[in-house]
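Read through the structure below, which is laid out as structure tokens, and then see the notes.
The values are calculated or read from the model by the stated rules, or taken from the named source; none is laboratory data. The shown structure was predicted, so the numbers you read here are calculated from the model rather than taken from an experiment. Glycine also receives a Cβ, built like all others from the backbone with ideal geometry; neighbour counts cover every protein chain displayed.
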Amino acid sequence: MTKINRRSLIANTLAGAVLAPAVLRISKVHGAEFTLKYANNSPVTHPLTIRTKEAMEAIAKETGGKVDIQVFPNSQLGSDTDMLSQLRSGAIEFFTLSPLILSTLVPKASVSGIGFAWPGYDKVWPAMDGEFGAYVRAEIAKSGLVAFDKMYDNGFRQITSSTKPIASPADLDGFKIRVPPSPLWTSMFKAFGAAPLSINFSEVYSALQTKVAEGQENPLAIINAAKLYEVQKYLAKTNHMWDGFWFLANGKLWATLPKDVQAVITKHVDAHAIKQREDIAQLNATLETELTGKGIVFNAVDNTKFREKLASAGFYKEWQEKFGPEAWALLEKYAGKVS
């Protein structure tokens, strides 16, 4: 057996940490052969965090403790853009992210977030689990990341405000609204005449509290879990975008894991994605009542007027050209005509 002294061991370890993702982090405390990190931006009470934590526990159990995937929720490891950089560098191995924010790296990933494209979940899941989702995953793979087959749900996004109800497109004129750092989001709200502010989710609450932004847009589950009802008063049921979370892996790391480890991780991550989708569906059925009790005032809107405003502003034409005919055709195959 080759002897390795302490000095050379440390030097080799440091060199490996710089040159490649930490594939074999040996943990004497846990006895794990593979100690990996998963991060997200969701509160600890959100179904995404709850179900991914369960998935990691199931992976550890099935592998007899061989695989220990540590969970870092609620932007503990930085902003979305920070964590995406960490995923690419190998500082973290797994990360869940909205395709619209992922589009800063993979432009075509945000095609699923086109404004007012999806009439309901009966169109969303066949698309994301079918040919449309496969197309997006192939685009993601070109960036050196691996997207798992089953997408986690974020939900249909709604507009909230601290200053006034948003009942029509005209109410968005000059409205200071926080949006995630994504070209598609910024483009859509500019088409409405709003003043979108790109702010990472970890800073949303403070931006609303200090009135840097008048409003924001998120699904009901996020609005509730992040306690945005404390700094917002009105909620317009726009359903203007459907949004989800791709479960992403660092491609180099993933390729080095044994096939049996890959299989166990994939099985539980995908199975818990299905459970998390069901959780969001159940929450959507009750959260309007719960948030009303917390002081939020809901109002319905005519989505047709919002779509017409986007069409007249050239929003759909611009993005159809940016995404290209193949991506747009797949979108319309599942969602129906988008214009």
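Residue by residue, here is whether (1) in a helix (DSSP H, G or I); (2) modelled with pLDDT under 95; (3) surrounded by fewer than 16 Cβ atoms within 10 Å (Cβ to Cβ) holds:
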position	(1), (2), (3)
Ala58	yes, no, no
Leu100	yes, yes, no
Leu105	no, no, no
Ser110	yes, no, no
Trp118	no, no, no
Trp125	yes, no, no
Ala134	yes, no, yes
Query raised in the report: If Lys150 passes every condition in (1) assigned to a helix (DSSP H, G or I); (2) more than 19 Å from Ala117 (Cα to Cα); (3) within 19 Å of the chain's Cα centre (by Cα) but one, which one does it miss?
Result: (1)
Report task. Identify all residues within region 158-192 that are at pLDDT below 95, in a loop (DSSP other than H, G, I, E, B) and either over 23 Å from the mean Cα position of the chain (by Cα) or surrounded by 20 or more Cβ atoms within 10 Å (Cβ to Cβ) (or both); write none if there are none. Result -> Pro180, Ser182
Query raised in the report: Is it true that Asn303 is surrounded by fewer than 18 Cβ atoms within 10 Å (Cβ to Cβ), touching a residue at least 60 places away in the same chain (Cβ under 8 Å) and either under 26 Å from Leu102 (Cα atoms) or not acidic (Asp, Glu) (or both)?
Result: yes
Query raised in the report: Does Leu24 qualify as being over 22 Å from the mean Cα position of the chain (by Cα), assigned to a helix (DSSP H, G or I) and at pLDDT below 95?
Result: no
Query raised in the report: Looking only at residues in region 193-230 that are buried (at least 20 other Cβ atoms within 10 Å of the Cβ) and out of contact with any strand residue (DSSP E or B) (no Cβ under 9 Å at 6 or more places or on another chain), which one is nearest to Lys164 (Cα to Cα)?
Result: Asn224
